[in-house]
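Notes for the one structure printed next.
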């Protein structure tokens with residue numbers, strides 16, 4: 001079909017040819033790892049990047065992006081760099097037989113990728129989207145079939161976990177069909193997760209990888225991956241752009257989420273060292289909100305002229321707003337972009353709706369609406385959710401990203417207290433970043449990137465701090481996957497590694513030993529079981545705190561995390577804390593099996609927390625008598 | 001007992017009317033036989049003549065065939081036949097992205113230029129997207145249109161078409177009227193077994 005592929009994708013083509021030659025010419029050990037593979041499992045898109053470990057010398061790490069074959073519409077398969085993270089549950093009568101074949105299977109279990117997004121745009125009741133955001137949504141059992149949330153009862157739903165597994169499976173199968181001699185389960189695989197993912201969500205991601213045979217996969221936080229990609233792209237030059245004492249703020253605004261991280265540059269025996277010192281909360285706010293906001297603006301304008309919009313027209317309008325927005329941002333000479341929404345029938349002329357999107361509107365809605373000029377003392381507004389909410393995602397209530405950023409920087413003011421290379425001025429009311437790294441497609445728009453820098457620098461200026469500089473050269477769409485592949489290489493002892501450990505300290509709630517007071521809830525104490533910054537592969541026990549567990553009966557604990565209490569050691573008990581300090585996560589559960597014991601017997605245990613090599617938190621209950629261990633489960637959701 | 005014998009040697013002694021009738025009948029019958037025999041002989045001769053002619057015809061044909069073989073015939077040209085699948089696929093893509101067929105099939109005479117203009121935006125935007133997504137296009141000549149260019153001897157006549165005052169020998173100099181387009185990359189979707197190429201846009205039914 002394609003005589004010209006050599007011209008269009010020179011890198012991929014040569015790579016494939018080289019691979020084919022190698023597998024013929026050189027007898028390789030069957031189970032030798034050859035590639036490091038980075039998977040960006042995004043809220044709206046997945047990307048897979050890889051690099052051949054045999055062809056790497058120190059200066060030349062050049063990861064490729066895999067073109068992922070996927071159905072784009074019934075009957076046609078295309079290769080695209082991104083796999084949209086959507087899943088479509090088709091009705092049995094909806095698609096003709098043989099129209100959903102993929103290069104590796106005649107009958108895929110689920111429709112994922114471009115086709116899911118396309119079909120789902122016209123039939124939203126069968127579309128699963130943002131499964132990733134559900135994974136860290138407290139109060140939902142991620143293995144319960146709850147998606148699509150708005151589907152009628154007749155539609156067989158899937159769980160957020162199943163959807164995540166389906167995306168990974170598609171990526172694995174695509175890899176396998178393109179690299180038949182290098183099974184993915186034998187490569188170094190790194191999967192990225194938001195820095196704000198809680199332990200349960202990380203555990204579920206690893207479990208999903210295990211379900212498709214990728215038991216060796218390890219996790220990496222997305223903002224770290226973005227920084228790795230920047231380091232890798234600079235080919236060793238990054239040391240000239242980063243200085244000791246720098247605090248790099250990574251701002252990642254993707255399609256559905258905003259993720260913030262702080263990484264400090266320090267010195268250790270003459271070498272630059274990077275430490276991830278803080279991560280922000282999981283903010284469900286991103287590019288999709290922006291497109292929707294524009295569409296509603298245009299809709300209001302049309303309705304003022306007496307034109308009513310139907311649901312499908314609003315959908316089409318959202319699409320054209322996205323394109324128009326990009327055009328306005330990329331071409332400063334344009335002031336208005338005509339928007340057209342074609343009629344659905346075969347008659348195109350006459351039934352087509354026309355309106356305009358002006359630069360003024362884009363600036364007002366996006367720049368002023370999402371990145372308002374605020375003082376660093378401003379905080380995102382959050383009003384209590386009223387009444388019964390239908391099951392849905394907890395979208396951010398305040399669209400002002402700058403307000404979320406102000407809250408984050410103020411909250412993390414003490415993040416660098418323990419690092420001697422970093423000195424914050426006395427009068428600082430927030431942590432002063434000295435450099436900024438952008439990630440995520442939204443920040444490709446120059447106007448938005450400039451505004452973000454402008455607001456940040458106005459805060460810094462108000463406290464006589466030098467302006468933060470922008471670290472250039474990042475590839476905003478693909479950096480996370482590239483950085484993840486690079487991390488696989490870094491783990492082999494090459495290049496610089498970002499230190500960090502856990503981004504939070506963890507606590508279990510225990511009732512304090514106080515006489516009961518009628519009408520009052522028993523006072524609860526938070527017992528620290530894992531301190532801030534625990535490194536991978538380490539574990540900590542608290543042998544002095546015993547719990548009596550009843551055999552055969554599940555015991556639940558309230559579970560808390562704090563991303564600011566850095567000084568708490570294992571065993572620290574908190575009697576009082578502010579809402580800011582501790583976030584309550586889903587409950588954790590321990591069930592002691594009956595094997596070899598009498599039901600009802602009480603066994604004294606203590607807890608042990610470990611950070612696995614994979615990057616997940618693991619809690620165990622250890623018996624004092626015979627040292628036997630039981631795993632504590634995270635993925636029990638409240639209200640189950 | 002009286003026996004009745006016929007003596008054939010007897011000669012008629014009398015010649016009456018009965019004998020005249022008898023003789024006439026004999027003469028008539030013999031005439032008929034002669035005529036019949038004659039017609040048979042004639043028809044035979046005719047048939048023989050016909051079959052002789054039929055035998056002669058194939059001979060003439062053989063001569064004709066020999067003539068064809070002997071003639072110095074030109075090499076038969078087999079023209080490439082384009083498969084309809086790729087063309088149908090492109091139509092499908094243009095319809096999906098740009099409502100191309102809807103636009104072409106609509107009678108535009110009844111509409112105002114403004115209405116057509118609005119629809120043309122849909123078509124232009126969509127075609128642009130579809131073409132850019134599936135083809136990489138480049139100009140054949142990178143020079144500015146309207147500038148003078150020189151074509152060396154042996155230039156590719158498929159890439160550059162000469163027009164106007166074509167005389168003399170290469171190198172030719174002339175004005176670049178159109179820079180030309182060439183496709184340097186094609187990325188058409190692959191098709192599954194259940195794909196019906198002829199359905200360039202399925203009918204849509206909302207439930």
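Readers should treat all values here as calculations from the given coordinates under stated rules, not as data from a laboratory. The structure presented is a predicted model; accordingly, all values stated were derived computationally and were not measured. Cβ: placed from backbone, ideal geometry, glycine included. Neighbour counts: every protein chain shown.
Over chain A, Cα pairs under 8 Å with separation of 6+ residues give a relative contact order of 13 percent.
Pairwise over distinct Cα atoms, reciprocal of the mean inverse distance: report the Kirkwood radius of segment A:30-219 in Å, one decimal place. Each step should come with its number before you reach the end.
On the way: mean 1/r = 0.0582 Å⁻¹.
Kirkwood radius, segment A:30-219: 17.2 Å.
Helix-only arithmetic for chain A: the sum of -39500 (n - 2.57) across DSSP H runs with n ≥ 4, divided by the residue total, places the mean residue ellipticity at 222 nm at -8000 deg cm²/dmol.
From the C-alpha gyration tensor of segment A:172-227, pull out the three semi-axes of the equivalent ellipsoid (sqrt of 5λ each), sorted largest to smallest, in whole Å. Please report the intermediate quantities before stating the final value.
Values: eigenvalues 105, 37, 12 Å².
Those come to 23, 14, 8 Å.
Separation of segment A:225-241 from segment A:304-352 is 40 Å, based on Cα centroids.
For segment B:121-207, the calculated P(r), taken from all Cα-Cα distances in 5 Å bins from zero up to the bin holding the longest distance, is 3, 10, 14, 15, 13, 11, 9, 8, 7, 6, 3, 1, 1, 0, 0 percent. Seen from a random direction on average, the alpha-carbon convex hull of segment A:287-370 projects onto 5.7 square nanometres.
Using C-alpha pairs below 8 Å separated by at least 6 residues, the relative contact order for segment A:577-625 is 28 percent.
According to the Kirkwood expression over distinct Cα-Cα pairs, how big is the hydrodynamic radius of segment B:83-134, in Å?
With all distinct Cα pairs of segment B:83-134 included, I get 11.6 Å.
The Rg/Rh ratio of segment A:259-333, with both radii computed over alpha carbons and Rh defined as the Kirkwood radius, is 1.32. Give me the percent of Cα-Cα pairs in chain A that sit more than 35 Å apart, rounded to a whole number. Pairs farther apart than 35 Å: 46 percent. Per residue of A:68-76, how many C-beta atoms from partner chains lie within 10 Å of its own C-beta, taken as a mean? Mean partner shielding for this stretch: 5. Mean per-residue shielding of peptide A:601-607 is 0, counting Cβ atoms of other chains within 10 Å of each Cβ.
Label-to-label distance, residue A:602 versus residue A:576, with points set 7 angstrom from Cα along the beta-carbon direction: 3.1 nm.
Take peptide A:457-463, look around each residue's Cβ out to 10 angstrom, count Cβ atoms belonging to other protein chains, and average those counts. Can you show the working numbers first?
Values: counts 0, 0, 0, 0, 0, 0, 0.
Counting other chains' Cβ atoms within 10 Å and averaging over A:457-463 gives 0.
What is the distance in Å between the Cα centres of segment A:162-190 and segment B:11-31? For segment A:162-190 versus segment B:11-31, the Cα centre distance is 122 Å.
Using the empirical formula 2.2 N^0.38 Å as the baseline, the Cα radius of gyration of segment A:505-632 reaches a ratio of 1.10.
The ratio of the alpha-carbon radius of gyration of segment B:136-186 to the globular-protein estimate 2.2 N^0.38 Å is 1.21.
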